[in-house]
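Working notes, beginning with the structure itself.
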Amino acid sequence: MEKLFVGKGSIAVPVFFLIVLLGALGVNEAVGQGAGQCQNVAGIWQSVEISTNMGCPSPSPKTEKNEYAFMQDGCRLTVRDKNRGASYEGAIKGNIVTWKGTFHEIMGYNEWTSVELRVGVDGKSLEGVTAWAYRGHSDIVCDGNTRMIMRRISAK
């Protein structure tokens, strides 16, 4: 019986290690940034937000521009909303950014009930549809959706 893995002139050992090495490189490439790591979305983002509401006294649709600062710790996000003066807790999983939180409005507050934004292939854009609910001090209750299109203007 012939030795396959050890011996003079044998190429089986180097070939075996080459296969293992290439396999390991392929696994890391497929995972992207490695197990337990998340895509970096930290930085300043500008948005165009087109809101449509159901039953609210404000005009619909309504277009606004805003700026957000994303602070990232691993997969966790803190999102600071410049125009509304609020902060939200969120996360990134794969290429999806999510957050929830509330902000004050005239005579009440809005709650982000669902924010799900997809990171663009270039890593410099976010886009998606959010859901929110308004609760007014005078018993006004309404909800709506906002289409968000965001562009990263600086990375951190």
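Screening Ile149 on (1) under 12 Å from the mean Cα position of the chain (by Cα); (2) part of a strand (DSSP E or B) shows it passes everything except condition (1). Selection within the stretch 42-85: residues that are β-branched (Val, Ile, Thr) and touching a residue at least 60 places away in the same chain (Cβ under 8 Å). The member of this set that is nearest to Lys124 (Cα to Cα) is Ile44. If you scan the stretch 114-156, which residues turn out to be within 20 Å of Gly85 (Cβ to Cβ) and of a type outside the set (D, E, K, R)? Val115, Thr130, Trp132, Ala133, Tyr134, Gly136, His137, Thr146, Met148, Met150, Ile153 - these are the residues of the stretch 114-156 that are within 20 Å of Gly85 (Cβ to Cβ) and of a type outside the set (D, E, K, R). In the stretch 107-146, which residue that is outside any strand (DSSP E or B) and of a type in the set (A, V, I, L, M, F, W, C) is surrounded by the fewest Cβ atoms within 10 Å (Cβ to Cβ)? Within the stretch 107-146, the match that is surrounded by the fewest Cβ atoms within 10 Å (Cβ to Cβ) is Val121.
Within the stretch 52-99, count every residue that is outside any strand (DSSP E or B), of a type in the set (A, V, I, L, M, F, W, C) and at pLDDT 95 or above.
Within the stretch 52-99, residues that are outside any strand (DSSP E or B), of a type in the set (A, V, I, L, M, F, W, C) and at pLDDT 95 or above number 1.
The values are calculated or read from the model by the stated rules, or taken from the named source; none is laboratory data. All figures in this text were calculated on a predicted structure; none of them were measured in a lab. Cβ coordinates were reconstructed from backbone atoms using ideal geometry, including for glycine residues, and neighbour counts include every protein chain displayed.
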